[in-house]
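The structure appears right after this line, and notes come after that.
All of the numbers you see were taken from the coordinates with simple rules; none came from a lab. It should be emphasised that the depicted structure is a prediction, and the values quoted were computed from it without experimental measurement. No Cβ is skipped: glycine too gets one built from the backbone with ideal geometry, and neighbour counts run over all protein chains shown.
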Amino acid sequence: MRTPTRIPSRPPNPYEELAELADPDPLADPGPGPQTEPLPLIPLRLTYPEAEPDAKSDAEPDDDAWSPPNHRRSKRGRRRRRSPFAAVPRALKLLVALVLCAGILVLADRCAQMYAEKQAQQKLQQELHLAAAPQVDIHGFPFLTQVLEKRLQRVDVTVPHVAADRVSLAEVRASAHDIRLTGSLPKAIRGAVVGDLDGEVRLSFDDMNRELAASQVRFSRHDDHAVDADGKLTIAGQELRVRAQARLQLSGGHSLSTNVDDMSLDLPGIATYRPGKGKGLTLHHETAERISRDAARAKALLSVPALAERLGVSRADVAAALQSEEKLHRLTGAPLFVEKLTRLNLIDAAVDHPWLLRKLGIDPHLIAALTHIRPPELTDRLAFSFSLPKEAHDLQLRDVRVDKDGIRATLSAADVPVGKTG
């Protein structure tokens with residue numbers, strides 16, 4: 001007899017045991033019926049993806065046990081990672097530091113340069129007795145290195161409005177090169193020696209027009225070495241137009257003066273007076289034409305034998321003209337008569353025959369006033385000059401010229417001492 005195969009019993013289910021211990025469901029139907037075996041509960045098992053194989057052996061204990069995250073530490077880490085300088089290379093940081101240091105050094109050098117310029121301005125103002133402090137610009141970089149070596153490369157000095165005789169110089173500009181300082185550093189610098197100096201002196205026409213006594217006279221350029229004067233002068237109560245030329249001349253390399261010549265004083269539409277030897281009173285062309293057409297004025301002029309002789313009219317022709325209007329008009333109507341009349345000097349007639357001037361339409365009192373004024377008295381009103389200060393005796397004026405704005409003269413000097421150099 002074959003022994004029946006024994007089916008091994010399944011292992012006890014813990015969930016079934018727990019179900020048996022639970023209270024019966026009151027809603028369940030207690031009626032009879034076939035008892036169905038409950039379905040086995042399948043336990044759920046959560047699975048996680050396997051971690052990457054670790055280099056450690058399976059036998060070794062797991063040191064990286066799970067632990068709660070430290071949020072405080074992670075926040076500090078995040079702050080450090082967000083710093084703007086964390087990713088800046090060290091070389092760049094070093095470069096920025098060097099630039100800042102260089103900027104501080106440049107600023108310190110510039111401050112020292114400005115202080116030295118201010119001290120130089122005050123010193124020059126005292127030494128040269130200037131009304132205003134000059135402008136001093138020290139060139140070259142770095143400045144402190146030049147001071148330590150006691151040798152400056154270049155210094156520019158500009159002095160405005162320097163008083164010079166009757167006028168003031170609009171500007172005196174000088175550039176000094178190779179300046180050797182004397183004295184001990186830093187505060188005991190007594191002076192300097194300028195190796196080479198060049199500059200310019202400028203006298204503007206605006207200052208001349210404003211400052212000269214003849215305020216109604218305007219000055220302008222005639223050529224490279226002469227100045228034109230054109231304006232008005234009041235003599236004997238009558239306003240005359242004055243014209244002259246002032247030629248420039250250097251005196252000893254330290255001063256400039258003018259020689260006024262070719263002066264003329266015009267009575268508008270009547271005559272021109274030119275002071276000086278060989279000159280005198282001449283009629284304008286308009287006046288000469290009026291005399292040639294006016295019989296009474298022509299006879300008055302011809303009645304003075306000296307004037308008739310200067311006109312080239314013989315005594316017989318004068319006598320015939322004085323007796324015949326026809327011959328008079330034939331004589332005075334000739335084209336050469338008017339031309340000769342404009343070249344006739346009437347100064348002698350003004351002295352000997354004042355009535356003749358009145359007959360010709362000229363005020364004899366005005367001519368008398370002009371003849372009593374000596375030429376220097378007129379030229380002095382238009383003359384001007386200037387000299388360099390006595391303290392600047394080492395400087396030399398050269399190359400004087402006239403441009404559209406005024407008069408310019410160059411300056412030059414070598415080995416000029418400034419202050420105490422001993």
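Its Kirkwood hydrodynamic radius, worked out from the mean inverse distance over all distinct Cα pairs, puts the stretch 144-299 at 20.3 Å. Whole-Hz Karplus values for the stretch 362-373 come out as 10, 6, x, 5, 5, 5, 4, 5, 5, 6, 7, 8 Hz, taken residue by residue from phi with 6.51 cos²θ - 1.76 cosθ + 1.60 and θ = phi - 60°; glycine and proline positions read x. Report the far tail of the P(r) of the stretch 272-336, meaning the percent of Cα-Cα pairs longer than 16 Å. That tail contains 48 percent of the Cα-Cα pairs.
As a rough guide to protection, the peptides 133-143, 89-99 ranked by mean Cβ packing within 10 Å, highest first, stand as 133-143, 89-99. Amide H contacts for ARG166 (H built 1.01 Å from N in the peptide plane; partners 5 or more residues away or on another chain; cut-off under 5 Å): SER385. Whole-percent P(r), the stretch 325-411, all Cα pairs, 10 Å bins from 0: 12, 22, 21, 15, 16, 10, 3, 1. In order along the stretch 227-237, the Karplus-derived 3J(HN,Hα) couplings, from 6.51 cos²θ - 1.76 cosθ + 1.60 at θ = phi - 60°, round to 10, 8, 10, 9, x, 10, 10, 9, 10, 6, x Hz, and Gly and Pro are given as x. The label point for GLU286 and the one for ALA131, both projected 7 Å from the Cα toward the Cβ, are 4.3 nm apart. Relative to the current alpha-carbon distance between VAL351 and VAL193, full extension at 0.36 nm per residue lengthens the span by 50.4 nm. Annotation: the stretch 283-372 has a Kirkwood hydrodynamic radius of 13.2 angstrom, from the mean reciprocal C-alpha pair distance.
For the stretch 97-174, the relative contact order works out to 22 percent when only alpha carbon pairs closer than 8 Å and six or more residues apart are counted.
The order of the peptides 190-200, 398-408 by mean Cβ neighbours within 10 Å, most packed first, is 190-200, 398-408.
For GLY280, the residues whose modelled amide H falls within less than 5 Å of its own, excluding neighbours fewer than 5 places apart on the same chain, are ARG274. Between amide H atoms placed 1.01 Å from N, distances below 5 Å from ARG190 occur with THR182, GLY183, SER184, all of them 5 or more places distant or on a separate chain.
Footprinting exposure proxy ranking of MET208, MET263, MET114, fewest other C-beta atoms within 10 angstrom first, gives MET114, MET263, MET208.
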